[in-house]
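Heads up: the structure comes next, in C-alpha cells.
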Amino acid sequence: MRRVAVIGVGVTKFGLHDRTSAELFAEAAQDALTDAAIPATAIQALYYGNVVGGETEHQLHTGPQAASVLGIPSVPTTRFETACASSHAAFRHAVMEIAAGVSEVVLVGGAERVLNVSTAESTEYFAYASDAVWEQPLGLTFPGVFALIARAHMEKYGTTEAQMAAVAVKNHRHGALNPKAQFQKQITIDQVLRSAYVADPLKLFDCCPFSDGGAALVLASEEVARRHRKPVWVLGSAAASDWMLLGDKRDLSRVPATERAAAAAYRQSGLGPRDVDVVELHDCFTIAEIVATEGLGLFEPGAGGRAAEAGRTSLGGEIPVNPSGGLKAKGHPIGATGAAQIAEIVTQIRGEAGPRQVDGAKTGLTHTLGGNTATVLVSLFGRD
Amino acid sequence: MTESPITARAFFERVRAGQLTALKCGSCGELAIPPRQLCPACHTQAWQPLDLRGEGTIASFTIIRVAPRAHAGDAPYALAVVKLREGVSILGRLVDIPLDKVGVGLPVRFRPLVIGNQATVGFGPSSAA
C-alpha cells in the first residue's frame, strides 16, 4: 500500500451561518486547495460527509451538490453517513483510494447546517441515528444516550459531575484560543454545575452545541506530497462498529468500538498511546471525552474523570486533548466534525496552531464517534 | 423463507398484549432481543421464541427533560436500560415510579406502554417492591 499525506486543510468558522452546507463546504475546500498550493483540476475524487441534509435542507445527493458548488462538477463523489463520524469515514475511504493507487489527489470534506431549524427539530433529527423501532418511540435523545453512559460510569467507577464539568471548563479554555470556535469564552466549574439538567446527570454545559460549519482536507499520494511544503503523513486509519441498541451493549460504561478502532490504528502505525503528543477526540458530551480517553488507552478504565480533573488533558498537561476546544467549544457541525478534527491535528503537527499549539507535537490522533456509539473511527498522523 | 421467527412487528404486537419475547438459539443457547437473523454467538439460525418473565433491575437510567417534539408533553420522563432476569437487556420508559426514587439496581417489572398509539416497552414497580 502507498503512503498517504494530508497536504491541505480548511475549516470555516463554526456557529450560525446563513449559507447552505454546500456553500460552507466550498469555502473550506477553497481554503484547503490554497493551503495545499494545488489547482482544483488536480482533484480526482470527492469523499463527503453530511448527515441531516435531507431533514434540515431538504437536500439529498449532497456529494455532487457540494462538488458543483465548489466548481468541480465532473469528479466522482460519494456521500458518507455514519452519523457524527461521517467525514472521518469519508477520510478513511479516501486514504484507501490513494493507498490502493487508484488516485493521486482526493478531496475530503463535510458540512452540516442545522441552526436554520428549531432546537426541537434538530433534537428529533439527531435522534434518527438511534433505532427507529426500539428506541425513538420511547423518546430517547442523544443527551439521553450519553446520560445512560454517564450514569453507568458513575456507578461503576465513582466518576462525578464535577469531573465531567472539568472537561467542559478545559475545552472552553482551549476554545477561547481558537478564532474558528463557536464559543470563545471561558466558563467555570460552578457555571457547569449550576446549568439546567437536559438528561440527568448531564446538564446544558455538559453538551456540545448545535452548529453550522464545513471542513475540507486535500489528501495526496507520497509522490505528490513530497512536493508540498509540510506533508503530514497518515500513519493509520481504522473503523469499528458496535451494536445499535443500547440494551445490546454489554457494558454501558465503555465504548468497545473505540477500543477496537484504536487497537487497529495503533497496530497499523506501530505506535501506542504513549507515543501520541496531541489528541482531538469526540467530546459531544463531557462524559464522552472521559470514556474516549480510557478507550484510546490514554488512561486506565475508570481513571478518565480524575485525569481530566487533575489537568492531565489540558494544554501544558501530559497529553493535551482537544486543543481546538473540541466539539464542546469549537462546535459540532456533525458532517464536518471528523474532517475538522483532522485539520486541527495537521495544523498542530505542522506547528502552526498559534496560542493553542502543543509544544513539539510530532504525532497526533483523531477519534470520531457516530451517534449511539455504534460507529467509531480512529486515525494517527505524523511528520517526517 | 428463513425469516426471524419474531419480526419487530410481531414483537410489539406481543408487547401490546402484555408479553416480552426473546429469541433463544437452539444451537448454542444464546438469548437475543428480536429481530435477529443469525445468532451473534454461533452464526447459525436456530431461533426459538422465549417468553420472558418481564422482571429485571435497572442497569442505568436518565431523566429526559429536553424531549423530542413528539414527547415534549411527557417531559420529564425516565428511561432505563433494564437487565432482565433471563440475561438480556432492553431500553424502556419507567412508569409509576417517582423520579427521585429511580436508581441503579432498582427492581422493575415490564408493562406495555402505548405512546402516541404505538406499543412500547414500559417498566413499572416490581411486585416485590
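The values are calculated or read from the model by the stated rules, or taken from the named source; none is laboratory data. All of these numbers come straight from a predicted model, not from anything done at the bench. Glycine gets a Cβ as well: all are built from the backbone with ideal geometry, and neighbour counts include every protein chain shown.
Of note:
- Residue-level check: of (1) within 21 Å of the chain's Cα centre (by Cα); (2) within 14 Å of chain B (Cβ to nearest Cβ); (3) in a strand (DSSP E or B), A:Ala199 misses just (1).
- From the list A:Gln186, A:Gln191, A:Gln182, the lone residue that is part of a loop (DSSP other than H, G, I, E, B), surrounded by fewer than 17 Cβ atoms within 10 Å (Cβ to Cβ), more than 14 Å from every other protein chain (Cβ to nearest Cβ) and of a type outside the set (Lys, Arg) is A:Gln186.
- Screening the stretch B:68-93 for residues that are of a type in the set (D, E, K, R) and facing another protein chain (nearest Cβ under 7 Å) and picking the one that is farthest from the chain's Cα centre (by Cα) gives B:Arg69.
- Selection from the stretch A:54-75 of residues that are in a loop (DSSP other than H, G, I, E, B) and among the charged types (D, E, K, R): A:Glu57
- Out of B:Pro5, B:Pro40, sole residue that is over 29 Å from A:Glu124 (Cα atoms) and facing chain A (nearest Cβ under 9 Å): B:Pro40
- Set side by side, the residues A:Gly325, A:Gly297, A:Gly317 differ, and just one is modelled with pLDDT of 95 or more and either under 14 Å from A:Thr366 (Cβ atoms) or more than 19 Å from the chain's Cα centre (by Cα) (or both), which is A:Gly317.
- Meets criteria (among the acidic types (Asp, Glu), surrounded by 18 or more Cβ atoms within 10 Å (Cβ to Cβ) and either within 11 Å of chain A (Cβ to nearest Cβ) or at negative phi (or both)) for B:Glu13: no
Residues checked against (1) within 14 Å of chain B (Cβ to nearest Cβ); (2) in contact with a Lys or Arg (Cβ under 6 Å, 6 or more places away or on another chain):
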{"residue": "A:Gln59", "(1), (2)": "no, no"}
{"residue": "A:Gly63", "(1), (2)": "no, yes"}
{"residue": "A:Val75", "(1), (2)": "no, no"}
{"residue": "A:Arg79", "(1), (2)": "no, no"}
{"residue": "A:Ala90", "(1), (2)": "no, no"}
{"residue": "A:Ala111", "(1), (2)": "no, no"}
{"residue": "A:Ser118", "(1), (2)": "yes, no"}
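- Lone qualifier among A:Ser122, A:Ser130 - being assigned to a loop (DSSP other than H, G, I, E, B), among the polar types (S, T, N, Q) and touching a residue at least 60 places away in the same chain (Cβ under 8 Å): A:Ser130
- Consider the stretch A:212-224 and keep the residues that are among the small types (Gly, Ala, Ser) and surrounded by 24 or more Cβ atoms within 10 Å (Cβ to Cβ). The one that is farthest from the other protein chains (Cβ to nearest Cβ) is A:Ala220.
- Checked against (1) touching a helix residue (DSSP H, G or I) at 6+ places or on another chain (Cβ under 9 Å); (2) at the interface with chain A (Cβ under 9 Å from one of its Cβ atoms), B:Asp51 meets all criteria but (2).
- With respect to being of a type in the set (Gly, Ala, Ser) and closer than 17 Å to A:Thr12 by Cβ, A:Gly53 fits the description.
- Residue that is nearest to A:Val218 (Cα to Cα), among those in the stretch A:9-48 that are small (Gly, Ala, Ser) and in a strand (DSSP E or B): A:Gly10
- Checking each residue in the stretch B:83-129 for being loosely packed, with under 12 Cβ neighbours inside 10 Å, at pLDDT below 95 and out of contact with any strand residue (DSSP E or B) (no Cβ under 8 Å at 6 or more places or on another chain) picks out B:Gly116, B:Asn117.
- Condition check for B:Arg65: within 7 Å of chain A (Cβ to nearest Cβ) and at pLDDT 95 or above: yes
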